[in-house]
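Worksheet: the structure to be examined is printed underneath.
The values are calculated or read from the model by the stated rules, or taken from the named source; none is laboratory data. Treat the numbers as computed from the prediction; the structure is a model and nothing was measured. Every residue, glycine among them, receives a Cβ derived from its backbone with ideal geometry; neighbour counts consider all protein chains shown. Protein only, heavy atoms only, side chains kept; ligands, DNA and RNA dropped before computing areas. Shrake-Rupley method; radii C 1.70, N 1.55, O 1.52, S 1.80 Å.
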Amino acid sequence: LSGVTAALPVVTELRQQSEQLRVPLWELVMQPLAEDGVRELVQESTGRGAVPAELIEWLLKHGEGQPLHTQQILQLLRAEGYLREVGATWAFQPPAAHHWPDSLEKLFLQRLQGLSTLEREALGALAVFQVPLNLATWSELTELDEVTLGRMATQAQVRKLVQVSGADGHSLYALQHASFGPLLLAETTEEQRRTWHARSVEVTSGVAQAE
């Protein structure tokens with residue numbers, strides 16, 4: 001939600017321009033951001049501190065001129081340590097080209113390549129539930145033992161597909177980015193999705209009864 005919140009000022013301004021110019025909002029949204037627009041979006045997102053010129057140039061190339069795409073990329077850069085706050089400034093280390101293609105969609109597809117069927121199904125269960133899960137709950141949903149699932153989760157974390165929060169022994173697992181969800185679910189069958197939904201109801205009912 002933080003990314004959406006940070007993008008709201010840009011969307012509000014676009015709506016105001018739409019009303020003033022009597023131009024449909026979608027026509028304004030379709031116009032790619034120029035350098036000043038990208039710089040403003042970055043400053044709104046980072047809040048304070050000097051923004052490296054290299055970051056603006058990099059975002060112009062990879063953000064496709066789309067405000068929400070640019071915002072999503074900023075989130076990923078910060079989450080993965082490429083963009084770090086250092087005192088009153090921001091330090092930017094561009095990802096290696098082979099780690100980060102020239103578009104957000106290509107990046108997500110690249111990271112999903114090479115997954116086994118079992119790994120895709122495990123991650124698909126996270127996409128269905130849409131909230132961070134502990135290992136025990138995730139195991140119940142997928143019917144995989146915790147040792148196997150934990151090993152998969154570690155590999156998925158290295159590949160930047162899964163993020164882990166919480167302290168040791170109380171770790172919670174979620175997809176690294178919400179956009180992975182639709183890509184994963186597109187490869188599952190309706191029967192699989194119904195099964196996961198049914199199991200999620202059983203699991204949440206069991207948790208509620210235990211409380």
The stretch 32-101: trypsin sites (Lys or Arg not before Pro) in DSSP coil with no more than 11 other Cβ atoms inside 10 Å: ARG48
Could you sort the peptides 98-110, 119-131 by per-residue average Cβ neighbour count (10 Å cutoff), highest mean leading? 119-131, 98-110
Everything considered on the Cα gyration tensor (a ≥ b ≥ c; rounded for a/c under 1.5, else prolate if a/b is larger than b/c, else oblate), the stretch 163-202 must be described as oblate
For the stretch 44-203, accessible area per residue (1.4 Å probe, heavy atoms of protein chains only), Å²: 52
Relative contact order computed over the stretch 93-211 (Cα-Cα under 8 Å; 6+ residues apart), in percent: 29
Taking each pair of different alpha-carbon atoms in the stretch 142-190 once, compute 1/r for the pair, average those values, and report the inverse of that mean as the Kirkwood hydrodynamic radius in Å to one decimal. 12.0
If you project the alpha carbons of the stretch 97-195 onto their three principal axes, what span does each projection cover, largest first, in Å? 37, 34, 21
